[in-house]
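The values are calculated or read from the model by the stated rules, or taken from the named source; none is laboratory data. The structure presented is a predicted model; accordingly, all values stated were derived computationally and were not measured. When we count neighbours, we look across all protein chains shown, and the Cβ atoms used for this are built from the backbone with ideal geometry, even at glycine. Ligands, DNA and RNA are excluded from the accessible area calculation, which covers all protein heavy atoms including side chains. Shrake-Rupley method; radii C 1.70, N 1.55, O 1.52, S 1.80 Å.
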Amino acid sequence: MRINNILSVGSGSNQFFKGSKSISGTIKEKSIPLSCSILLCERVSGNIVQRVRSEPNGTYKFTNISEHFSYLVIAFHPELKFNAVIQDNVVPK
């Protein structure tokens, strides 16, 4: 399972992590898109900022996040065939 991230600009609010940035990407297993549960956590505190499920085509998007923090993106295989995949130090630009 692999996470591909694309950083882009979004809009809106999200409590303490309120911002105008978004993080989006694609989840794939052996080059095949995968729908799964994905968490966005603030890197230092570990606080869960958002939780999404990727689309059947593997794409996901976290919106309305602050560029003043770095994040962890954690993807969980839907059938638990693999350990969670973590992308560390994701910083919106």
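The strands (runs of 3 or more DSSP E) falling completely within region 1-77 that include 3 or more residues that are open to solvent by 60 Å² or more (accessible area, probe 1.4 Å) and either modelled with pLDDT under 95 or out of contact with any strand residue (DSSP E or B) (no Cβ under 7 Å at 6 or more places or on another chain) (or both) map to 2-9.
Taking region 78-93 as the range and being open to solvent by less than 40 Å² (accessible area, probe 1.4 Å) and either within 14 Å of Leu39 (Cβ to Cβ) or of a type in the set (Lys, Arg) (or both) as the test, the residues that pass are Val85, Val90.
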